[in-house]
C-alpha cells in the first residue's frame, strides 16, 4: 500500500495548527479567568497553584512544538524542493539505484499540495529535462524519466535511435559500460552520448536486445518521456505520454547515494549535478 504522504502532512499540519489556535483563542482566556477568580477569592495563596491553573495540557504543548516544524516541511516540500530516492536502473547511467535526488518543485509552476492544481505559472518543461511525475496509470506512484518529446512533436524510435519530427537525435559512441553494485547487470551495454535539445547526456543501449519501436504524436499539454537505460525502461513507448498536470518537478542534484550491493555510500556521487 502506498501512503499518501502529502495528504498526511497537510492533515497533521492543519490538526496541530487548529489545536494550537483553539488553545490560544479559547482555552487560554478561560484559564486566565479561572486564575483571576482564584486570586480574587483568596483561594490561591501561592504562585504554584496559579501556574498550574494557567498551564496548557501536554497535548497542546506537543502541538505547539510540532506545528512550526510540520508547516516548514510542508512549505518546503510543496513549493520549493522535495527529495526522492531512485529505486531502479531505468535512468542509468545518469542515475543509479540508490541515488537520493533533489527535485525543484517550482520550476514548472507552483501547485497546491494534494490537489496539485497549478496556481502560478513560472516555466515550461524543456527537451532533455529529467523530471519526476505521477505515473499516469497509477498516480500514487512517482516515476522519473527524461523528456524527449514536447507538445505537438512526432517522436519516433527505430534501431535504438530517437527521431524528433523526422530528424534523428545525434548519438556518439562512448565505449562499453562497466556497471557496479545494483547496476552490475548492465556491464557490457553500449554507452552513448545523446544530444536532446541543449542537453548532452549519456544513455545505455543493448544493441541486440529487442524493443518496442514506432511513432507517437505528442498531444497538447503532454510530454513524451524515456529512460536513459533505453532497453530497461518502462516509459512512454509502452504507456503513452505524461499529462502536464502529472509533473512534479525537475531533478537537479544528487545529494546522497546508498547502494548496499556496492558497499554503502558512494561518496563520489554526492553533490553531482543531474544533466
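No lab work stands behind these numbers, since they all come straight from the coordinates. The structure displayed is predicted, hence computed values, not measured ones. Cβ placement follows ideal geometry from the backbone for every residue including glycine, while neighbour counts extend to all protein chains displayed.
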**OP:** With the Cα gyration tensor of region 5-79 in hand, convert its eigenvalues to equivalent ellipsoid semi-axes via √(5λ) and list them largest first in whole Å.
**Re:** 35, 10, 8
**OP:** Before rounding to the nearest 500, sum -39500 (n - 2.57) across all DSSP H runs of length at least 4 in the chain and divide by the residue total; then give [θ] at 222 nm in deg cm²/dmol.
**Re:** -7500 deg cm²/dmol
Original post:
How would you order 89-99, 188-198 from highest to lowest mean count of nearby Cβ atoms within 10 Å?
Top reply: 89-99, 188-198
Original post:
Expressed in nm to one decimal, what extension gain is obtained for the pair residue 140 and residue 202 from 0.36 nm per residue of sequence separation less their Cα-Cα distance?
Top reply: 19.4 nm
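Beta carbons within 10 angstrom, averaged per residue: use that to sort the peptides 16-29, 102-115, 162-175, highest first.
Numbers: 16-29: 14.6, 102-115: 17.3, 162-175: 13.1.
Descending packing order for the listed peptides: 102-115, 16-29, 162-175.
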Original post:
Which residues does a label at residue 238 reach in region 173-188, if reach means a backbone N under 17 Å from a point 7 Å past the Cα toward the Cβ?
Top reply: 186
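Quick check: convex hull over the Cα atoms of region 207-246, volume per residue in Å³, rounded to an integer? Working shown, then result.
Details: hull volume 2.8 nm³, N = 40.
It comes to 70 Å³ per residue, whole-number rounded.
Take each of the peptides 204-211, 52-59, average the number of other beta-carbon atoms within 10 Å over its residues, and list them starting from the highest.
By packing density, highest mean first, the sequence is 204-211, 52-59.
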**OP:** Let me know the Kirkwood hydrodynamic radius for the chain, please, with Cα pairs as the basis and the value in Å to one decimal.
**Re:** 21.9
**OP:** Please label the shape of region 84-226 as rounded, prolate or oblate, based on the square roots a ≥ b ≥ c of the eigenvalues of the alpha-carbon gyration tensor (a/c under 1.5 means rounded; beyond that, a/b larger than b/c means prolate, else oblate).
**Re:** oblate
**OP:** Calculate the spin-label point distance for residue 275 paired with residue 184, positioning each point 7 Å from the Cα along the beta-carbon direction, and give it in nanometres.
**Re:** 2.7
Subject >> Where N is the number of residues in region 161-271, Cα Rg divided by 2.2 N^0.38 Å >> reply: 1.21
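Find the percent of Cα-Cα distances in region 68-134 that exceed 16 Å, and round it to a whole number. The partial results should precede the final answer.
Working: 1213 of 2211 pairs.
For region 68-134, the share of Cα pairs beyond 16 Å comes to 55 percent.
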Original post:
Any idea how far apart residue 215 and residue 265 come out in nm if each label point goes 7 Å out from Cα toward Cβ?
Top reply: 5.2
